[in-house]
Amino acid sequence: MAGGKKRLVVGVTGATGIAYAARLLEMLKGSGVESHLVVSRAADITRTQETGMSADELRGLADVNHAPGNIAAPLASGSFRTIGMVIIPCSMKTLAEVATGMGESLVSRAADVTLKERRRLVLVTRETPLNLIHLRNMTAATEAGAIIFPPVPALYSAPKTIDDMITQTAGRVLDLFDIEVSGLRRWGEEIPAPGRQD
Ligand SMILES: Cc1cc2nc3c(=O)[nH]c(=O)nc-3n(C[C@H](O)[C@H](O)[C@H](O)COP(=O)(O)O)c2cc1C
C-alpha cells in the first residue's frame, strides 16, 4: 500500500469455526500486514462453546481491536486504507446484512465499506445445508464483488488432523490477498501431482 501500512480487516461472527479465525490471525503475524479485528457478540458465544480461548486470548492475536458496536471506528470509513476484509467464519445473518447493504454493526459496516471502495472482501460462509435465502444472499454478495469461500477441506492435501485442515483453509484465504504464508501444502509443489510430466 503506497506510503502506508498494509492493513487487513478481520471480522469474526457467530458461525461455528472460531478456530479458523484464530489460525488466520496467527498466520498474519510476521506477514507485514496489520490485522484489525472485530468480533461480534455471537462469536464470543461460539468461542466459549468451541474453544478454551478467553476473549483476551483471541483479541490478543490481532494487532488492533475494535468493538463490534463502535460504528465510529476507523474501519467504518473508506478513507481508512486497507487491502480488504475477511469475515471468518461468516454467519448467515452477517451474510444477509452484507448482501442487503445493512451497516448496523461494525462488521457489516466495514464489509459495506470494503465493497464500496472496490476492495477485496472474502466471506468464509459457514452453514449446511443451505436454503434458498442463503444461496440468493451469496449470489448478491458475489455480484457486488465479494468472494464466497466456504471452509470446505481439500482432501488432496492429505490432512492428518483437523488442525491441518484449518491451516490449509486459513492459508488459502490469505492467498486471496496475496499474503505470503508458510506451511501450506500446494498441488504440484509440496504435493507432487501424480502423473505430471514436469
Ligand atoms: C454454537 C453455535 C453455532 C452456530 N453455528 C452457526 C453456523 O455455522 N452458521 C450460522 O449461520 N449461524 C450459526 N449460529 C447462529 C449465529 O450465531 C446467530 O445467527 C447469530 O445471530 C449470528 O450473529 P453475528 O453474525 O452477528 O455474529 C451458531 C450459534 C451457536 C450458538
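The values are calculated or read from the model by the stated rules, or taken from the named source; none is laboratory data. As the structure is a computational prediction, the values presented were derived from the model and not from experiment. Reconstructed Cβ throughout: ideal geometry from the backbone, glycine too, with neighbour counts over all protein chains shown. The protein model used for the area step is the full one, side chains on, heavy atoms only, and it has no ligands, DNA or RNA in it. Shrake-Rupley method; radii C 1.70, N 1.55, O 1.52, S 1.80 Å.
Structure above, values below:
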| item | result |
| --- | --- |
| Close pairs (7 angstrom Cβ cut-off, 6 or more residues apart or separate chains): within 13 Å of GLY101 (Cα to Cα) in the stretch 113-132, among the polar types (S, T, N, Q) and away from the ligand (no atom under 11 Å from the Cβ) anywhere | VAL113/SER77 |
| Count of residues meeting criterion [over 17 Å from GLU180 (Cα atoms) and modelled with pLDDT under 95] in the stretch 1-31 | 3 |
| Residue ranges of strands (runs of 3 or more DSSP E) in the stretch 53-170 with at least 2 members β-branched (Val, Ile, Thr) and surrounded by 16 or more Cβ atoms within 10 Å (Cβ to Cβ) | 84-90, 120-125 |
| For ALA19: the one exception among (1) open to solvent by less than 20 Å² (accessible area, probe 1.4 Å); (2) within 14 Å of the ligand (Cβ to nearest atom) | (1) |
| Residue in the stretch 126-136 that is closer than 22 Å to LEU58 by Cβ, modelled with pLDDT of 95 or more and within 11 Å of the ligand (Cβ to nearest atom) present | yes |
| In the stretch 32-45, the residues that are buried (at least 20 other Cβ atoms within 10 Å of the Cβ) and either within 16 Å of the ligand (Cβ to nearest atom) or modelled with pLDDT under 95 (or both) | LEU37, VAL38, VAL39, SER40, ALA43 |
| LEU155 over 13 Å from MET92 (Cβ atoms) and under 17 Å from the mean Cα position of the chain (by Cα) | no |
